[in-house]
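First the structure, in the form of structure tokens, and then the observations on it.
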């Protein structure tokens, strides 16, 4: 990976659009960008490459600003729109939303707002390794590729901070059931953010989950959108601006590293974790299970390599977990593109004639 020189980057920044921040966010939100479409390429060409960002083999747009920073800033360039193109948006009080009568399937503030925040930070010269990831919405393919093939790019990075979370006050400490950052780090980050940000252990997945074995502290923070992935999605304008102002003043020397890269907190959970976690199991569901201490190599996308194996029926365990964690499972299914109709059809086909 090569980067523009400081002089080249300054020239590129002078040539980049320097619109009113709210107007810029509104314009960026007009683009509908399903993964692996030309719409994503056009978005990157228009908004990121003029900053000096360069593309890797997975389509991630990468830019290094300043020297000596230990932070990786993260967002993604794709959205969950069903079709590529442009949409009309409107303002309702403090919120952007899809304009009345527009057929768009969502607003796409997930993750357009995060991409916008990072763009504003880069133009202001906030130091860090900036990665606008490709293909997050179809399984985090861009970050998974980078985690496996970074060739030293992540060396010296202690913190990975994603701008890809609903609401206005979350600092995610757990993704996919496993710890991704320490509470100590989260509190040090909260001290520089607006609106009383707090630790939140209910994260599902964003790109920084793929870096927990390479980077000590990986998190995801709220950017002010709600009802993501739906036609009712909204984005708080005031929160986006407050977060932008906080990040333009950000001082990474105030961050505190407590977790070690790859560290597993096996006493932090009350149930059997799923996804990439490696956690001890405790009895929480209606069945009684006995956990074993054996491990095996999972090695999915170069992320967490092991998880606990148990001596009970896996199908029953999965059914219990789905029952007890329906919201997280629904997020997982939606992230991987499973529609309600597809799930219903499959279930109906499996249960037809039974009972």
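The values are calculated or read from the model by the stated rules, or taken from the named source; none is laboratory data. From a predicted model like this one, the values you see are computed outputs, not experimental measurements. Note that each Cβ is placed from the backbone with ideal geometry, even for glycine, and that neighbours are counted across all protein chains shown.
Summary of computed values
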item	result
Lone qualifier among 58, 84 - being in contact with a helix residue (DSSP H, G or I) (Cβ under 6 Å, 6 or more places away or on another chain) and either more than 16 Å from residue 133 (Cβ to Cβ) or at pLDDT below 95 (or both)	84
Subset of segment 61-93 (residues that are touching a strand residue (DSSP E or B) at 6+ places or on another chain (Cβ under 8 Å) and more than 30 Å from residue 103 (Cβ to Cβ))	62, 63, 64, 65, 66, 69, 70, 71, 72, 73, 74
Residue 169 being more than 15 Å from the chain's Cα centre (by Cα) and surrounded by fewer than 17 Cβ atoms within 10 Å (Cβ to Cβ)	no
Qualifying residues in segment 164-198 (those that are in contact with a helix residue (DSSP H, G or I) (Cβ under 7 Å, 6 or more places away or on another chain) and farther than 20 Å from residue 73 by Cβ) - the one modelled with the highest pLDDT	198
